[in-house]
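Coordinate-derived values only; no laboratory data. Owing to the predicted nature of the structure, the values given are computational and were not obtained by experimental measurement. Cβ placement follows ideal geometry from the backbone for every residue including glycine, while neighbour counts extend to all protein chains displayed.
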Ligand SMILES: [Fe+2]
Ligand SMILES: [Fe+2]
């Protein structure tokens, strides 16, 4: 079983990186399952129905999200009406965000039950209340201990928290793939039976800050602006992903490697 995990897709440049390349990658690398984080796919904020359709048509099998999930009100319908999307599992069950969509699902492929779970850090700002991702994953594993393969997208800012997630759950899930920073790290590894990378990176405009036009963000750091708006940058794109090979007999990960494309 070979799984492609695509880092945060940011706006039009990011969607173009996926639509122009995914079919070729799937064929060339013999990919069985494609998972993509699309929390920024619509103008940097959340995912519209049209862009959900565009990514699924391009060949994405399952979409994960993050702290930007609830930046639009249209997303509640996208989460409720579609099957190939999950949002962070660890939203407070008392909130209305907990009522739309799911945070963990099982995808049947090649006679395997592949669970895909989306979690996010309590440190990322989101328009809802987030509960402890470590405790929520522990509860999930208690409730569903028998999945063949379990891929976790852990959406978090700090390298330490993502590495703590690996140490806490090594050997108990097949892969923990970090998302959210949009900057790919070079620490991919198999650790005690779990494939891991601190961050898978981004599909989006190459000349940007996390996919957005740089100037506003520079202005904010220089104290000239109080906040920035994540206005998507244009131009050449980068495509960041990782590929994970899972042994068909043992269901254990064998290998993880970075797979990147630059379009210039
Ligand atoms: Fe993101
Ligand atoms: Fe994020």
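At-a-glance table
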item	result
Pairs of Cα atoms farther than 20 Å apart, region 128-264, %	55 percent
FRET efficiency estimate (nearest 0.05) - Cβ-Cβ, residue 185 to residue 139, R0 25 angstrom	0.35
Region 155-210 - Debye-derived log10 I(q)/I(0), Cα point model, q = 0.14, 0.18, 0.31 Å⁻¹	-0.36, -0.56, -1.25
10 Å-binned pair-distance histogram of region 2-262 (Cα, whole percent)	7, 33, 39, 18, 3, 0
Neighbour-count ranking [beta-carbon atoms within 10 angstrom, fewest first] of 70, 257	257, 70
Nearest-0.05 FRET efficiency for residue 159 and residue 99, computed from C-beta distance (R0 35 Å)	0.60
Taking region 2-262 and dividing mean pair separation by its residue count, relative contact order in percent (alpha carbons under 8 Å, at least six apart)	20 percent
Part-to-part distance (alpha-carbon centres) for region 234-261 and region 117-159, which is given in Å	20 Å
Residue-span extension gain [residue 260 to residue 245] - 0.36 nm each, minus C-alpha spacing	3.7 nm
Region 3-52: translational diffusion in µm²/s, Stokes-Einstein, Kirkwood Rh over Cα pairs, 10 °C, 1.306 mPa s	143 µm²/s
Label-point separation, residue 132 to residue 234 (7 Å along Cα→Cβ), nm	4.8 nm
Values of log10 I(q)/I(0), in the order q = 0.13, 0.15, 0.17 Å⁻¹, for region 60-191 under a Debye, Cα-only, solvent-free model	-0.52, -0.70, -0.91
Peptides ranked, highest mean first, by Cβ atoms within 10 Å: ranges 104-113, 159-168, 3-12	3-12, 159-168, 104-113
Inter-part distance where region 185-206 and region 208-227 are each reduced to a Cα centre, Å	26 Å
Of all DSSP beta bridges in the chain, antiparallel share, percent nearest 5	50 percent
Helical mean residue ellipticity (222 nm; -39500 (n - 2.57) per DSSP H run of 4+; nearest 500) of the chain	-7500 deg cm²/dmol
Residue 170 versus residue 106: modelled label distance in nm, points set 7 Å from Cα along the beta carbon direction	2.8 nm
Sequence-separation-based contact order of region 158-239, relative, with Cα cut under 8 Å and 6+ spacing, percent	24 percent
Paramagnetic label zone (point 7 Å from Cα along Cα-to-C-beta, residue 29; backbone N under 20 Å) in region 159-194	174-191, 194
